[in-house]
Amino acid sequence: MTDIVVIDYGMGNLRSVAKALEHVAPDRNIIVTSDPQVIASAERVVFPGQGAMPDCVRELDARGLRQPVLDAAASKPFLGICIGLQLLFEHSEEGNVAGLGLLPGRVRRFPAERMHDVVGNKLKVPHMGWNEVRQTRSHPLWAGITPGARFYFVHSYYVEADDRALEAAYTEYPFCFTSAVGRANIFAVQFHPEKSQQAGLSLLLNFVNWDGRP
């Protein structure tokens, strides 16, 4: 059995995620793969992503990975990163495409009319750089991570969950948006832990040791 699989659907910073996992867990067998059988046999699965949602959905289906991802999210510790968070929801404004529908809600673009700071300065989209992640409830993946720790973001869209109980953290830019969700064996984040120095490495190590219980 493979310890950890990073799903390869042709998009995203897969090698960076794998390297960060190798750094925190050098004794674990970590594989980047698009093989459904390897994904099915993995102990835990990481679903990263980067780029445009329509492209990600198309590549996922073209490689026959939709069902393996759904099966993994239903049965083992599962970590979604960036687009890997957004794809879990029902629908995205980016390209007007359906997501996997595992979580209730939608993906919205940062609205231009709201992108100003408290003194009226225009804020850039994409939201790019370091920002505080405010934990809203305890979770094993937050172990040892200071509430309000800063993580690295790169995104123009954010998730809007129908069930507020899903939210595990929020971030402000300039309004509050959900930056982490958790349900059962699924945990997913909008930021990039593999680019977030010690806080991000701590989250990845917590995932490596997580038994999939909230």
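The values are calculated or read from the model by the stated rules, or taken from the named source; none is laboratory data. Because the structure is a prediction, the values reported are computed rather than measured. With ideal geometry, Cβ positions are generated from the backbone for all residues, glycine too; neighbour counts draw on all protein chains shown. Surface accessibility is based on the protein's heavy atoms, side chains included, excluding ligands, DNA and RNA. Shrake-Rupley method; radii C 1.70, N 1.55, O 1.52, S 1.80 Å.
Data for the structure
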{"quantity": "Unmet criterion (only one of (1) aliphatic (A, V, I, L, M); (2) closer than 30 Å to Asn209 by Cα; (3) surrounded by fewer than 17 Cβ atoms within 10 Å (Cβ to Cβ)) for Ala98", "calculated": "(2)"}
{"quantity": "Filter result (under 24 Å from Phe187 (Cα atoms) and either touching a Pro at 6+ places or on another chain (Cβ under 6 Å) or free of Cβ contacts under 8 Å to residues at least 12 places away in the same chain (or both)) within segment 96-128", "calculated": "Val97"}
{"quantity": "Selected residue (only one of Val17, Val6, Val45, Val38 is touching an Asp or Glu at 6+ places or on another chain (Cβ under 9 Å), closer than 17 Å to Leu65 by Cβ and modelled with pLDDT of 95 or more)", "calculated": "Val17"}
{"quantity": "Some residue of segment 196-205 being open to solvent by 20 Å² or more (accessible area, probe 1.4 Å) and outside any helix (DSSP H, G or I)", "calculated": "no"}
{"quantity": "Total residues in segment 42-71, condition touching a strand residue (DSSP E or B) at 6+ places or on another chain (Cβ under 6 Å) and open to solvent by 10 Å² or more (accessible area, probe 1.4 Å)", "calculated": "3"}
{"quantity": "Filtered residues of segment 75-95 (kept if open to solvent by 50 Å² or more (accessible area, probe 1.4 Å) and touching a residue at least 24 places away in the same chain (Cβ under 8 Å))", "calculated": "Ser75, Glu93, Gly95"}
{"quantity": "Boolean, Pro147 is more than 17 Å from the chain's Cα centre (by Cα) and either under 24 Å from Leu201 (Cα atoms) or open to solvent by 50 Å² or more (accessible area, probe 1.4 Å) (or both)", "calculated": "yes"}
{"quantity": "Exclusive hit being in contact with a Ser or Thr (Cβ under 8 Å, 6 or more places away or on another chain), surrounded by 15 or more Cβ atoms within 10 Å (Cβ to Cβ), under 21 Å from Ser196 (Cα atoms) and not hydroxyl-bearing (Ser, Thr, Tyr), set Val17, Val5", "calculated": "Val5"}
{"quantity": "Residue, modelled with the lowest pLDDT, within segment 152-181, restricted to residues that are open to solvent by 50 Å² or more (accessible area, probe 1.4 Å) and out of contact with any Pro (no Cβ under 9 Å at 6 or more places or on another chain)", "calculated": "Arg164"}
{"quantity": "Flag if Ser202 is among the hydroxyl-bearing types (Ser, Thr, Tyr), out of contact with any strand residue (DSSP E or B) (no Cβ under 8 Å at 6 or more places or on another chain) and within 17 Å of Ile81 (Cβ to Cβ)", "calculated": "yes"}
{"quantity": "Members of segment 81-96 that are more than 27 Å from Arg15 (Cα to Cα) and among the hydrophobic types (A, V, I, L, M, F, W, C)", "calculated": "none"}
{"quantity": "Selected residue (criterion: most open to solvent (accessible area, probe 1.4 Å)) from residues of segment 20-39 that are in a loop (DSSP other than H, G, I, E, B) and without any contact (Cβ under 8 Å) to a residue 60 or more places away in the chain", "calculated": "Asp27"}
{"quantity": "Tabulated pairs, segment 55-71, first among the aliphatic types (A, V, I, L, M), second buried (at least 21 other Cβ atoms within 10 Å of the Cβ) and modelled with pLDDT under 95, C-beta under 8 angstrom, 6+ apart or interchain", "calculated": "Leu60/Tyr9; Leu65/Tyr9; Val69/Leu60"}
